[in-house]
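**Q** Below is the structure I would like to discuss, written out as structure tokens.
The values are calculated or read from the model by the stated rules, or taken from the named source; none is laboratory data. Since this is a predicted model, take the numbers as computed values, not measurements. Glycine also receives a Cβ, built like all others from the backbone with ideal geometry; neighbour counts cover every protein chain displayed. Note: areas computed on protein heavy atoms with side chains; ligands, DNA, RNA excluded. Shrake-Rupley method; radii C 1.70, N 1.55, O 1.52, S 1.80 Å.
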Amino acid sequence: MTPRKESMKDLASWENEKDYVIANVTVVDPSNNRIHDGYHVGIKEGRIAFVEPGKPQVASMSVFDGGGLHIAPGFVDIHVHLREPGQEYKETILTGTRAAVAGGFTSVACMPNTDPVADENSIVEFIIKKAKIAGFAKVYPIAAATVGSKGEKLTEFASLVEAGAVAVSDDGHPVASAQMVRRVLEYASNYNIPFIEHCEDMSASANGVMNEGFTSTRLGLTGIPGYSEQICLARDLLVLQSVEVPFHAAHMSTKGSVELIREAKRRGLPVTAETAPHYLAFDDTDLGTYDTNLKINPPIRGVEDREALIEGLIDGTIDCIVSDHAPHAAHEKQVEFENAPNGAIGLETTFSVVMTHLVKPGHMAIADALSLITNKPAKVLNLPAGGIQPGDAADLTLFDPKEEWVVGKDDFHSKSHNSPFIGQTLNGRVKHTIVDGSVVTATLMHV
Amino acid sequence: MTELDRKDLLGLEGMSAEEIELFLDTTASFKEISERTVKKVPALRGKTIVNLFFEPSTRTRASFELAEKRLSADAVNISKSTSSVVKGESLRDTAENLQAMKIDVIVIRHAASGAPHFLASLLDASVVNAGDGAHEHPTQGLLDIFTLRENLGDLSGRKIVIVGDIAHSRVARSNIFGLVTLGADVTVCGPPTMMPVGIEKLGVTIERNLLRAVEDADAVNLMRIQLERQKVSLFPTLAEYASVYGMNRETLRHMKPECLVMHPGPMNRGVEISQEVADSDRAVILEQVTNGVAVRMATLYLICGGAQREKVLTDEEEVEAPPANREAV
């Protein structure tokens, strides 16, 4: 590590400097699968001006000490629930985007299952406006595919896209009818936006509350079979054969789904897929204490599923990792297991889970693993994010790849604390997050 | 082993054979009390126990209440319909409010699997599971095992058959956990739609044919067809179930003459058990009920500190020490 010079400032003391250099960093460039030690990064007017080796020679710009940290494109999460409008007691756009930047995410795409559902342009505009006022992460709304996410009537894609929607989805519910899936795909093709499906056959899930298997039998809890996800995914892939429009499968959880997607990609279908950190870190045997923070839909699956998902990430079958950040108030989770709502928060732990469960065990190199939360998810939704080249927006995340930390139960910027990782030791920690050149983590403490 | 090293009784899963035997031996010594003219001992004098029943119950609730009274504990009964749950109070608040009244034990019956575990993690008071969803019913498991042991002696190598809706049965699970630990040879029998995934990993044999299952059996425990729990059709008709899995005179002919017939109640006569079998001398169904009171006396006694407390009772001068070994497990 280069000794800190008198002239170099700590990034935490950043105060509205517009043009500056971050010296003494290791650049991680996931798009080009490269890592460069001993680099410096110049930022001008909110954009990356230069990424160069050695010490900075620019006299006219303030220089901050990167302290030997890694610097990567700001992380991108294309599946979060910000709960506003309607459920501000769980999360708001302000608290959710603070949680995002605390976890290194500079761009997030939020799901439309708010109250009311984001199925018309005024709600999409409202979300974008609130996110701008908050001033932390960039927020890209995903609009509902059908009115009220009821699966009956198409929403107004034209005006939703004009308002800023980047995709359509009825997340939380599957689109129940095959005919409606076809209509959504056909209509979406006009606007060049992907359809994101929550793959679940409700008749197969029935009243299940956890993965079906030996553990559900032991615990006397009703199981959700893995084929609940696969039936819906397989049906959609069949529809996709006749309507070739970008289709993105949300929160994949089973081995069978990985196989279906692998086969669909082999046949050249325009399919992409995501999974979430909790499916990589846990398996259903971890539910033995009826911990409601592990009650998630789709459920935490078996050991074989977890292994298949990691395999799918390594071979590119699964394109990206999303947090599926799903805040719920403490009183909602402190109930009987079957009465608890589904979901866990994840924005503040996702990066560290990726480091702990993919990089540390040697499944993936750091640049490959980070592409799952930078350029690859950005590509799925065509977001202007995930790069670290001159000219790109100065959305950057600095992290220590080695630091170990214990997830504390009150350590969250999110309004809700329903994390299954509380008490766990994770590897790799986000230190600073920069959005359009502003070191937003430096201002986090002052809000 | 003479005392219990746990705050709560949540299930028989994970309990050692030694621990189960402590319950059974303690039960044996309490059984005689109910035969006396004056059916009362001062063992739990000064203890307060709340029976919190969120599901209907005749046997279990009466059994716990009688056990509490015969041990001189002060008992309070709360059922769902007469509690603030109907006003929307959460389980957590209900339990914490009861604990604030300085109670010692909560006996809970709840439709949600894991509800007693949730309470046990929140409360300092002891929690006794009186049946949670389709998970466990440990005192029923213990009373079934006690009845088996009284009739058969050592259970290791004995063939015990559990018939019926295994998937939805907490009684089946507690029996399986306890019996397998004690070395019994457990067979489960019922329609495939009522067999939960991976049940064989609990160390039981699956036999779909009732007549083959009961062959060489030392006891057959019939699970009730839980009509109220079936949200989807698991078998075509009650008549078909009765003809394929119901125990009747014909089934008895395929069994060893000394094979016991058990049922946790309430019985659906004419469905899982015929009138003749229920009333035959093979049936130990009412013995089970008698033993139920003794098992619950033993459970509450052990949970409340058991031998520890008795020592305190014999020395009136001594200030009551907090029971030892009360860490949550």
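**Q** R0 = 41 Å: FRET efficiency of residue A:436 with residue A:173, Cβ-based, nearest 0.05?
**A** With a Förster radius of 41 Å, E is 0.75.
**Q** For the range A:159-189, list residues with backbone N below 20 Å from a point placed 7 Å from the Cα of residue A:152 toward its Cβ?
**A** Only A:169-185 fall inside the zone, counting backbone N under 20 Å.
**Q** Shifting gears a bit: Relative contact order for the range B:96-197: what is it in percent, counting Cα pairs under 8 Å that are at least 6 residues apart?
**A** Result for the range B:96-197 is 23 percent.
**Q** Using only the heavy atoms of the protein chains and a 1.4 Å probe, how would A:132, A:295, B:39 rank by accessible area, largest first?
**A** A:132, B:39, A:295
**Q** Let me ask you something else. Would you mind checking the pairs A:44/A:360; A:18/A:132; A:44/A:132 and listing those with alpha carbons more than 25 angstrom apart?
**A** A:44/A:360
**Q** Ok, one more. Between residue A:202 and residue A:33, 0.36 nm times their residue separation minus their Cα-Cα distance comes to what?
**A** That works out to 56.8 nm of additional length.
**Q** Could I ask something else about it? Can you pull out the trypsin sites (Lys or Arg not before Pro) in the range B:45-113 whose DSSP state is coil and whose Cβ has at most 11 other Cβ atoms within 10 Å?
**A** In loop regions of the range B:45-113 (DSSP not H, G, I, E or B), the sparsely surrounded trypsin sites (Lys or Arg not before Pro) are B:102.
**Q** Moving on to the next point. How large is the charge dipole for chain B, taken about the Cα centre, if only the Cβ atoms of Lys, Arg (+1) and Asp, Glu (-1) carry charge, to the nearest 20 debye?
**A** 940 debye
**Q** With a cap of 15 neighbouring Cβ atoms within 10 Å, and only residues DSSP puts in a loop, list the GluC sites (Glu not before Pro) found in the range B:29-91.
**A** B:89
**Q** Under the definition of Cα pairs under 8 Å and six or more residues apart, what whole-number percent is the relative contact order of chain A?
**A** Dividing the mean separation by the residue count of chain A yields 20 percent.
**Q** What is the mean number of Cβ atoms from other protein chains located within 10 Å of the Cβ atom of each residue in peptide A:330-340, rounded to a whole number?
**A** Per residue, the number of nearby Cβ atoms from other chains is 5 on average.
**Q** Could I ask something else about it? Under the definition of partner shielding as Cβ atoms of other protein chains within 10 Å of a residue Cβ, what is the mean value for peptide A:286-294?
**A** Partner Cβ neighbours, averaged per residue: 3.
**Q** For the range B:138-288, what does the relative contact order come out to in percent, with C-alpha contacts under 8 Å and a separation of six or more?
**A** Answer for the range B:138-288 is 24 percent.
**Q** In square angstrom, what is the accessible area per residue of the protein assembly as shown with a 1.4 angstrom probe?
**A** Here the per-residue accessible area is 39 Å².
**Q** Roughly how big is the B-A contact, given as buried accessible area in Å² (both sides, 1.4 Å probe, nearest 100)?
**A** About 1500 Å² of accessible surface is lost on pairing.
**Q** Let's see if you can work this out: charge +1 on each Lys and Arg Cβ, -1 on each Asp and Glu Cβ, no other charges. What is the dipole magnitude of the range B:30-74 about its Cα centre, in debye to the nearest 20?
**A** About 180 debye.
**Q** Taking the dipole about the Cα centre of the protein assembly as shown, with the C-beta of Lys and Arg at +1 and of Asp and Glu at -1, give me whichever of B:195, B:177, A:399 is farthest to the positive side.
**A** It is B:195.
**Q** Taking springs between alpha-carbon atoms closer than 10 angstrom, which of B:218, B:74, B:132 fluctuates most in the Gaussian network model of chain B?
**A** Checking each option, the largest mean-square fluctuation is seen for B:74.
**Q** Modelled label-to-label distance, residue B:80 and residue B:201, 7 Å Cα→beta-carbon offset: nm?
**A** 3.0 nm
**Q** Continuing with the same structure: Suppose we keep just the DSSP beta bridges with both residues in chain B; what percent of those would be antiparallel, to 5?
**A** The antiparallel proportion sits near 5 percent.
**Q** Could you tell me the distance between the Cα centroids of the range A:301-370 and the range B:13-75, to the nearest Å?
**A** The two parts, judged by their Cα centres, are 46 Å apart.
**Q** Could I have the simple spin-label model distance between residue A:162 and residue B:286, label points 7 Å from Cα toward Cβ, reported in nm to one decimal?
**A** 8.2 nm
**Q** Considering every residue in A:220-226, what mean count of other chain Cβ atoms within 10 Å of its Cβ is obtained?
**A** Going residue by residue through A:220-226 and averaging, the value is 5.
**Q** Please find the FRET efficiency linking residue A:266 to residue B:37, where r is the Cβ-Cβ separation and R0 is fixed at 56 Å, and quote it to the nearest 0.05.
**A** After rounding to 0.05, the efficiency reads 0.10.
**Q** Continuing with this model, one more query. Please list B:224, A:182, B:253 from largest to smallest accessible area, probe radius 1.4 Å, with all protein chains kept in place.
**A** B:253, A:182, B:224
**Q** Compute the distance from the alpha-carbon center of the range A:174-195 to that of the range B:153-198, in whole Å.
**A** What the calculation gives is 49 Å, centre to centre.
**Q** Which one of A:273, A:54, A:89 has its Cα pushed farthest toward the positive end of the charge dipole of chain A, where Lys and Arg give +1 and Asp and Glu give -1 at the Cβ?
**A** Going by the charge dipole, the pick is A:54.
**Q** OK, next. Can you tell which of A:308, A:209, A:124 lies farthest toward the positive end of the dipole of the range A:75-380, using +1 and -1 charges on the Cβ of basic and acidic side chains (Lys, Arg; Asp, Glu)?
**A** Highest projection toward the positive end goes to A:124.
**Q** Would you please give the FRET efficiency between residue A:424 and residue B:227, computed as 1/(1 + (r/R0)^6) with r the Cβ-Cβ distance and R0 = 60 Å, to the nearest 0.05?
**A** The calculated FRET efficiency here is 0.85.
**Q** Follow-up. Per residue of the range A:99-111, what does 6.51 cos²θ - 1.76 cosθ + 1.60 with θ = phi - 60° give for ³J(HN,Hα)? Whole Hz please, x for Gly and Pro, Karplus curve as stated.
**A** After applying 6.51 cos²θ - 1.76 cosθ + 1.60, I find 4, 4, 5, 4, x, x, 8, 9, 9, 10, 10, 9, 6 Hz.
**Q** While we're on this one: How large is the charge dipole for the range B:138-288, taken about the Cα centre, if only the Cβ atoms of Lys, Arg (+1) and Asp, Glu (-1) carry charge, to the nearest 20 debye?
**A** In total the dipole reaches around 420 debye.
**Q** Whenever you get a sec, line up A:319, B:281 from highest to lowest accessible area (probe 1.4 Å, protein heavy atoms).
**A** If we order A:319, B:281 from most to least accessible, we get B:281, A:319.
**Q** Shifting gears a bit: I'd like the accessible area for residue A:154: 1.4 Å probe, protein heavy atoms, all chains in place, Å² to the nearest 10.
**A** It works out to around 50 Å².
**Q** Using the 4.7 Å Cβ rule, please list in number order the cysteines from chain A without any candidate partner.
**A** Cysteines lacking a close Cβ partner in chain A: A:110, A:320.
**Q** How far is it, in nm, from the label point at residue A:89 to the one at residue A:242 when both lie 7 Å from their Cα along the line to the Cβ?
**A** Inter-label distance under the simple model: 4.6 nm.
**Q** Could I ask something else about it? Search the structure for amide H atoms under 5 Å from the amide H of residue A:77, placed 1.01 Å from N in the peptide plane, and list their residues when 5 or more places away or on another chain.
**A** A:107, A:108, A:109
**Q** Still on this model: Heavy-atom accessible area of residue B:21 with all protein chains present, probe 1.4 Å, nearest 10 Å²?
**A** 80 Å²
**Q** Evaluate 2.2 N^0.38 Å with N set to the residue count of the range B:138-288, then give the Cα radius of gyration divided by it.
**A** My calculation over the Cα atoms of the range B:138-288 gives 0.94.
**Q** Next question. Separation of the range B:223-281 and the range A:42-108 by C-alpha centroid, Å?
**A** Going from one Cα centre to the other spans 66 Å.
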